[in-house]
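Data block below; observations after.
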Amino acid sequence: MKGGPTKVIVKNNALFDAATGALVKDGLATRKEIEDYAAHHYIALPVVDRAGRGWLFDGQPVYCLHGGKYETLDHDLPHARPCPDCGGMALPSDEVTLERDCVRCTQCGHEFEARLEMMES
């Protein structure tokens, strides 16, 4: 397991350690309570898009650490970034293109040039 905050999953108003399944905290009735608890403890919540759907990579939740570093329990995702349209996870496109930094959202399918998007924001 990598260092850093405890990566958790949210189930039935409770937080569970993503690596061990152990209960971290229960009785959290709203998303705000969950986020407040995580903000005051050394906990990483799974990344969600604007509709509240979690990012998944190979069936595992994705976490954002240090403001822009994305990873699962097992994989670093150095090229992952949020989609400007839906907030879903965008990854490098599998298609061969002249654009070296073209990414596609796994949620909505939006394709964009990542460097251009970063310069505009």
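Couple of notes before you dig in:
- Computed [θ] at 222 nm, deg cm²/dmol, the chain (DSSP H ≥ 4; -39,500 (n - 2.57); rounded to nearest 500): -3500 deg cm²/dmol
- Entry for Cα extents along the principal axes in Å (calculated from the structure that is shown) out of (1) 47, 32, 31; (2) 59, 25, 19; (3) 50, 28, 23: (3)
- Residue 20 sits with roughly 100 Å² accessible to a 1.4 Å probe, with DNA, RNA and ligands left out of the calculation.
- Our coupling estimate for the range 21-35, obtained by passing each phi through the Karplus curve with A = 6.51, B = -1.76, C = 1.60 and θ = phi - 60°, is x, 5, 5, 9, 7, 10, x, 9, 7, 10, 4, 4, 4, 4, 5 Hz, Gly and Pro reported as x.
- Whole-percent carbon and sulfur share, accessible surface of the chain, 1.4 Å: 52 percent
- Under the simplified labelling scheme, the residue 20-residue 108 pair shows an inter-label distance of 3.9 nm, with each label point 7 Å from Cα along Cα→Cβ.
- Looking at the chain, the accessible area is 62 square angstrom per residue; that uses a 1.4 Å probe and ignores ligands, DNA and RNA.
- Efficiency of FRET from Cβ geometry, residue 39 and residue 76, R₀ 22 Å, rounded to 0.05: 0.40
The values are calculated or read from the model by the stated rules, or taken from the named source; none is laboratory data. The structure displayed is predicted, hence computed values, not measured ones. We place every Cβ from the backbone using ideal geometry, glycine too, and count neighbours over all the protein chains shown. To get the accessible areas, we keep the full protein, side chains included, count just its heavy atoms, and leave off ligands, DNA and RNA. Shrake-Rupley method; radii C 1.70, N 1.55, O 1.52, S 1.80 Å.
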